[in-house]
Amino acid sequence: MRLFERYLTLWVALCIVAGIVLGQMMPRVFHAIGAATVAEVNLPVAVLVWLMIIPMLLKIDLGALGQVKEHWRGIAVTVGINWLVKPFSMALLGWIFISHLFRPFLPADQIDGYIAGLILLAAAPCTAMVFVWSNLVDGEPHFTLSQVALNDTIMVIAFAPIVALLLGLSSITVPWDTLLLSVVLYIVVPVIVAQLWRRALLAQGDEAALKKTLARLGPLSLSALLLTLVLLFGLQGEQIIAQPLVIALLAVPILIQVYFNAGLAYLLNRTLGVEWCVAGPSALIGASNFFELAVATAISLFGFQSGAALATVVGVLVEVPVMLSVVHIVRRSRGWYEQRAA
């Protein structure tokens with residue numbers, strides 16, 4: 001691991017602080033960046049996500065996707081965690097922490113909205129950022145791509161019914177423009193670009209040219225990740241300073257949910273003898289969230305200033321730091337994991 005990657009936790013902490021400070025020093029700049037959206041998808045963030053995920057997508061040989069059926073146990077675990085465990089465990093955590101333990105410290109008229117936002121967050125499994133987390137744990141890229149594609153397909157069918165059930169609403173207005181645009185921007189277009197680039201590199205110099213390009217793109221990918229942190233915390237710096245206690249309390253069930261679902265997926269994969277290179281991304285996919293869809297749905301259902309919208313924004317803020325901590329745990333536990341998997 002390069003020196004830059006070894007101290008990634010330090011760079012993350014510095015970027016969070018820098019984002020909050022810069023957001024206060026240059027509010028107009030960050031407001032302009034925040035306003036550059038289409039269907040609630042922020043275009044500058046989308047560009048940074050491209051820089052993060054294309055290096056991993058370059059590793060994927062579409063001709064080898066047929067081999068992913070060998071990882072059916074990892075796929076079964078991830079699907080089960082995403083759709084049978086995560087939304088319902090978040091509803092339970094919201095009831096315990098927001099409705100009861102933290103109720104005296106939160107605005108009484110926003111309690112139901114906060115719980116709704118947490119459920120929306122948990123009901124939408126992550127898409128684009130999963131490629132980043134998988135790459136950091138040396139995950140099996142074909143498994144990751146197949147799992148993300150499967151999640152997107154299930155999301156079209158299951159997202160609205162699960163949210164309607166847990167929120168007790170008769171119908172849910174899904175922001176289809178956000179969902180479809182995100183899939184196109186974060187999956188379809190990057191895959192096409194990466195495959196065309198991969199073919200060009202292989203035509204030039206076989207595998208050597210591809211490996212050389214991947215080595216050069218590594219620091220660029222991590223730099224884009226850190227810049228994304230600066231941007232996200234800069235955009236939400238005002239909220240953090242205005243409501244620090246509310247944000248801290250809302251983060252508690254989100255953090256517990258991430259570690260619980262990641263740990264459960266990781267242990268189930270280990271019990272089933274799944275390879276570590278599949279179990280790592282399986283755990284990360286099972287824990288992370290599709291925050292663009294969650295934010296857009298919260299705004300469309302409850303309004304921009306609602307407690308639901310704020311809860312989904314807290315999910316945005318904690319996503320990168322907490323997922324990087326899960327990456328660290330997965331990497332450090334490889335020896336322990338493979339003792340059982342073997």
Test of understanding: among Leu222, Leu217, Leu181, which residue is open to solvent by less than 60 Å² (accessible area, probe 1.4 Å), touching a strand residue (DSSP E or B) at 6+ places or on another chain (Cβ under 9 Å) and among the aliphatic types (A, V, I, L, M)? Leu181
Exactly one condition in (1) under 23 Å from Val130 (Cβ atoms); (2) surrounded by fewer than 19 Cβ atoms within 10 Å (Cβ to Cβ) is not met by Ile187; state its number. (2)
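Table: residues versus (1) of a type in the set (Gly, Ala, Ser); (2) buried (at least 17 other Cβ atoms within 10 Å of the Cβ); (3) within 25 Å of Leu51 (Cβ to Cβ).
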site: Val137; (1), (2), (3): no, yes, yes
site: Gly168; (1), (2), (3): yes, no, no
site: Val174; (1), (2), (3): no, yes, no
site: Arg198; (1), (2), (3): no, yes, yes
site: Gln204; (1), (2), (3): no, no, yes
Return the only residue of Arg340, Arg334 being modelled with pLDDT under 90 and of a type in the set (Lys, Arg). Arg340
Can you tell me which of Ala262, Ala311 is touching a residue at least 40 places away in the same chain (Cβ under 8 Å), closer than 22 Å to Thr144 by Cβ, surrounded by 24 or more Cβ atoms within 10 Å (Cβ to Cβ) and touching a Leu at 6+ places or on another chain (Cβ under 7 Å)? Ala262
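Any residue at all in segment 229-242 that's surrounded by fewer than 16 Cβ atoms within 10 Å (Cβ to Cβ), of a type in the set (A, V, I, L, M) and over 18 Å from the mean Cα position of the chain (by Cα)?
Taking segment 229-242 and keeping what is surrounded by fewer than 16 Cβ atoms within 10 Å (Cβ to Cβ), we get 238, 241-242.
Filter once more, keeping what is of a type in the set (A, V, I, L, M): 241-242.
Checking the rest, the ones that are also over 18 Å from the mean Cα position of the chain (by Cα) come to 241-242.
Yes: segment 229-242 contains one or more residues that are surrounded by fewer than 16 Cβ atoms within 10 Å (Cβ to Cβ), of a type in the set (A, V, I, L, M) and over 18 Å from the mean Cα position of the chain (by Cα).
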Among helices (runs of 4 or more DSSP H) entirely within segment 158-266, at least 1 residues that are more than 30 Å from Tyr114 (Cα to Cα) and of a type in the set (Phe, Trp, Tyr) occur in 189-235
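Residue by residue, here is whether (1) part of a helix (DSSP H, G or I); (2) under 22 Å from the mean Cα position of the chain (by Cα); (3) modelled with pLDDT of 85 or more holds:
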| site | (1), (2), (3) |
| --- | --- |
| Pro44 | yes, yes, yes |
| Val49 | yes, yes, no |
| Pro55 | yes, yes, no |
| Ala64 | yes, no, no |
| His71 | yes, yes, yes |
| Ile75 | yes, yes, yes |
| Thr78 | yes, yes, yes |
| Ile81 | yes, yes, yes |
| Val85 | yes, yes, yes |
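The values are calculated or read from the model by the stated rules, or taken from the named source; none is laboratory data. Remember, predicted model here, so these are calculated numbers, not experimental data. All Cβ positions, glycine included, derive from the backbone under ideal geometry; neighbour counts span all protein chains shown. All accessible areas refer to the heavy atoms of the entire protein, side chains included, with ligands and DNA or RNA removed. Shrake-Rupley method; radii C 1.70, N 1.55, O 1.52, S 1.80 Å.
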